[in-house]
1. Using a simple spin-label model with points 7 Å from Cα along the Cα→Cβ vector, what separation in nm is obtained for B:GLU462 and B:ASP490?
2. For the pair A:LEU116/A:ALA4, report the inter-label distance in nm, with labels modelled 7 Å from Cα in the Cβ direction.
3. Expressed in whole Å with the largest first, what are the equivalent ellipsoid semi-axes of the range A:104-226 derived from the C-alpha gyration tensor as the square root of 5 times each eigenvalue?
4. I'd like the Karplus ³J(HN,Hα) series for the range B:195-211: coefficients 6.51, -1.76, 1.60, θ = phi - 60°, whole numbers in Hz, and an x wherever there's a Gly or Pro.
5. Starting from the Cα-Cα distance between B:SER63 and B:GLN15, subtract it from 0.36 nm times their residue separation and give me the gain in nm to one decimal.
6. Of the beta bridges DSSP finds with both residues in the protein assembly as shown, what % are antiparallel, to the nearest 5?
7. For A:LYS149 and A:MET214, compute 0.36 nm times the residue count separating them, minus their Cα-Cα distance, and round to one decimal in nm.
8. Can I get the semi-axes of the range A:41-105's equivalent ellipsoid? Compute them from the C-alpha gyration tensor as square roots of 5 times the eigenvalues, in angstrom, largest first.
Amino acid sequence: MSKAELLKSLEHAIVMGHLDAEDEGFDGTMEGTPGTVELVEEALEEGVEPQKILEVFGKAMERVGDLFESGEYFLPDMLASAECVGEAMDIIEPKLEAGRSSEKGKFLIATVEGDLHDIGKNIVATMLKGAGYQVQDLGIDVPADDILKSIEEFKPDFVGLSALLTTTMIEMEKVVKQIREKGYSDIKVLIGGAPTSEEFAEKIGADEYCRDVMDALNKLEEMKAAS
Amino acid sequence: MEEQKFQYKKPLHVQPVERFTQTQVKSIHEASMKLLSETGIQCAGEQAAGVYQSAGCTVSETSDGKQKLWNIRIPEKLMEKALSTVPSEVILGARDPQNTLYLNAKVPAVYFGTGSETNIYLRSRIEQFVSTDSSKNTLQYPVFEEEPGSIKALRESARLIDHLEHADFFVRNINIQDSEINSTNKDVNVFFNALLNTGKHVQGGITNPDALSDVISLAKIIAGEQPYLPLSFIVCPIRSPLFMVSDSSEKVIAIAKEKVPMVISSSPQGGVTAPIQEEGIVMQINAEILAGIALAQFANPGAPVLYGSVPVRARLDTLQDCYGTAEFIHYAMGCAQMARFYGIPCYSSSGVGDTKRPGMQAMMEKVYSYLGTASAGPHYIHYSFGLLDGTNIFCPLQAVLDNASIALVKDILRVPSCDQQHFDAALQEIIKTAKGSGMFTRGVRKQFRRKVVSETYEFVSEGEEDQVFVKAQAKLDASLDDDSNTLPDDIVKQVYKEIPGLLKNIK
């Protein structure tokens, strides 16, 4: 396979959300064929520049976005493609020049203290990674102090806070307050989760409330465009 | 049967809900046999009486003071003989062969279509309303206009049904009342206008028995090389209780001789023309349908027939038909079981709104009717699209809404698809995912494309305002604008040349 064909196959694998050879893929028929992981490894072995591979990720995800917009793809399809890109990023990241992998921005994400729910947060983290953000996921039940410590070390452009319980959403207020008190005025804070709302985001001083993962992606793009 | 050689339209396969126990089914059968063999039916048709007599039934001439009547008593052995020649499989052709329907009495698989012959066609359009209290409060809602049934309305209905994904067949739904239409030319114009506008199976009654040969010739021209005619007939030879009408009984005999598929129906009204309790109405309608089926089989053994059950309950305030009741469903479910007991494909009824306009009442009445009736596994459910005010109004907007409701019902009743291979795969998926990402979204994709994941309601709203009517009207308008699925010009020319009575301005 030529390098061009290899990159074309890689793009197709990502569009089809085909992670690796063990994965059944889009419709259960792709098991046993090379997936994103194998194709990225092969491309690197063949001497394809990591930057070229990054370009394929962008192109593939753009196509996935179009398919989602047209109603042909659903969120699980997008998520599968994003997961492919996320896994592939882990492979090529060490080979990229410093800073090239986070051109879209750094995103720190966590479920706040007292809350053990992680599905929504995981979906957002996967999608952001697939969309090209450098994501650090702190997990669930994360105390405010740990979030602040990670901000200091990771230096994110965005912080995402998740909560599913009315009893834990108030923890968000505490985290936002501490972020502002520490002087991180340039960090945009996004919140999400069933009990939260635009009004709540405004009340606690967060920059954006995100209804769902697509809303989060759109608002991030809007914020980046505005800046 | 040629099931393996032909591609049929996919039905909804169900695991049938059995409302009656097998003992109760047998008791109903025995009661029906007693009615037919001891009480018998009163028959106003001399030709039918002759057919019954030739077959060995006990026929005695009588009179109601106005006309000659014949009392027909059918011994159980003779009924068994008649039933033994009824085909358990019926194939209903279509202008577009992929719409061909396969009905097998042994396989509970359901098709949905239109029904009745309404006098009123209810047009709709969306208007914007503004609150008189606050101009900020607005609402988009349909307004309606009634018009008498016409050829134009019939054409539009057929075209709409052609576009609706969950409509499997088109029973002529409009009583055409154009001034140029009379009893001589009505039948050919009904069938031709329907076939011109839909590639799905077309079914209707015959007003004039003399028109039968022209209608069959029309069907043969349109079918061309296809093995199955694109149309079939409905005949209701019975006026409940237990009375056989003269001209309809002649139609049964004539159609049976042609071996064109035919629904033999009865439509008693529980509380007025039949007992209101389900065991009573089911034993009566069963006897009535079997009497009609026996006539067809005696006239021509092997004639393809459907067990036409259209029982309804009476409203207790007006004694008119009432479809929004549990009994309407109970009766239909019982009849589906009886048809299965005899091994005859079942024609059934569901989805009629008692209200005069689309809205929450119609939605409620229809959805639970589709669900209940289809769950019993009848093969061919008519009345399912657009009917309001009982069976007096056909509303195209309602038909679009009904299509979306039937989609949901099909998902609910879908037979589970989980063989051992699927169990093993699910187990592996749980083990792998629990150790890994914890999210099963990757597996969703495959299941969705296996069609084991349901679609959401077709007309979901994106904002806070309910948009069902607006979206349904848009779909309706788009469907009616597209008249591309029609007959080729050379076929139309041939039809005009060979079939008398067609109005000239049809196309």
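Any read-out appearing in this document is the output of simple, stated calculations on the displayed coordinates, not a laboratory observation. Fair warning: this is a prediction, and the values are worked out from it, not measured in the lab. No Cβ is skipped: glycine too gets one built from the backbone with ideal geometry, and neighbour counts run over all protein chains shown.
1. 4.7 nm
2. Modelled inter-label distance: 5.6 nm.
3. Values: eigenvalues 65, 52, 43 Å².
After diagonalising the Cα gyration tensor, the semi-axes are 18, 16, 15 Å.
4. Taking θ as phi minus 60°, the curve returns 5, 5, 10, 9, x, 8, 4, 10, 9, x, x, 10, 6, 10, x, 5, 7 Hz for the range B:195-211.
5. Values: separation 48, 0.36 × 48 = 17.28 nm, distance 4.77 nm.
Length gained, B:SER63 through B:GLN15: 12.5 nm.
6. Details: 32 of 80 bridges.
Within the protein assembly as shown, antiparallel bridges account for around 40 percent of the total.
7. On the way: separation 65, 0.36 × 65 = 23.40 nm, distance 2.84 nm.
Between A:LYS149 and A:MET214, full extension yields an extra 20.6 nm.
8. Numbers: eigenvalues 118, 31, 21 Å².
The three semi-axes for the range A:41-105 are 24, 12, 10 Å.
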